[in-house]
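Here's the structure we're looking at; comments come further down.
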Amino acid sequence: MQDTETVKVKVWDIWVRTFHWSLVVLFVIAYFTAEEENILHIYSGYAVLGLVIFRMLWGFVGSKYARFCDFIYPPKQVIQYIQGMVAGKPEHYLGHNPLGGWMTVALLAGLLVVSVTGLKLYANEEGRGPLASTDQLIIIDNAFANRDEDEDKEHSGRKRNNGENDEEMWEELHEVSTNITLLLILLHILGVFISSRLHHENLVKAMITGNKERQV
């Protein structure tokens, strides 16, 4: 019988690990400062968006296990992995497993939607941020200075109602996408716990040190 040796393999580079734990901290800050609508919520939201954009780019040009092509598997392989989990003997992957890979994509998509809807809400409420529109400046000629006041009031009322409807829509989209993303995060944590038990490895520690163990 041939002896096997366990060696450490560098899987997660420093940028993936920094992204992961920074995102954890910033999402927690953004989530628990949402009700106060303070500047900390806004800046943490900006930072989350920046991290998501970075991770999406790193998914194409980053290290081997950070690239999307390494962990986006076809549906058939995902189903096979789930079947292996149910049987208690899933196939081991050094990088993201098929289920974890698609969860990563879902989380990035969810966080992107949360960030964009948050920016749009901030633009509608405060008129600030990159998605805020600049009101058109109208210079009134003397010939139109005495136009009907009722027409002005009606126009202003329609504009105000449309603005309120848009604000409510973006607020609802922001809240719904946040709740969906929070659910994905909880499923991600559950998946990490289950995978760690099934594969007899500490995935949290691996995301800190960057190393996983492999038998050779």
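Apply the Karplus parameterisation 6.51 cos²θ - 1.76 cosθ + 1.60, with θ equal to phi minus 60°, to every residue of the stretch 96-110 and state each ³J(HN,Hα) to the nearest whole Hz, in sequence, with x for glycine and proline.
Rounded to whole hertz, the list is 5, 6, x, 6, x, x, 6, 5, 4, 4, 5, 5, 4, 5, x.
How far apart, in nanometres, would the label points at residue 7 and residue 31 be if each is projected 7 angstrom from Cα along the Cα-to-Cβ direction?
With each label point 7 Å from Cα toward Cβ, the separation is 3.9 nm.
Expected output is a single nm value to one decimal: the length gained when fully extending between residue 199 and residue 43, i.e. 0.36 nm times separation in residues minus the C-alpha distance. What is it?
52.3 nm
Which whole-Hz couplings ³J(HN,Hα) result when phi for each residue of the stretch 204-214 is put into the Karplus expression 6.51 cos²θ - 1.76 cosθ + 1.60, θ = phi - 60°, listed in order with x for Gly and Pro?
Karplus-based 3J(HN,Hα) across the stretch 204-214 equals 5, 4, 4, 6, 8, 8, x, 9, 10, 9, 9 Hz.
Measure up 10/89; 64/205; 89/212; 8/89; 64/120 against 29 Å on the Cα-Cα distance and list the ones that go over.
64/120
We did not get these values from a lab; they are worked out from the coordinates using the rules stated. The model shown is predicted, which means the values in this text are computed figures rather than measured ones. Ideal geometry is used to build each Cβ from the backbone, glycine not excepted, and the neighbour counts take in all protein chains shown.
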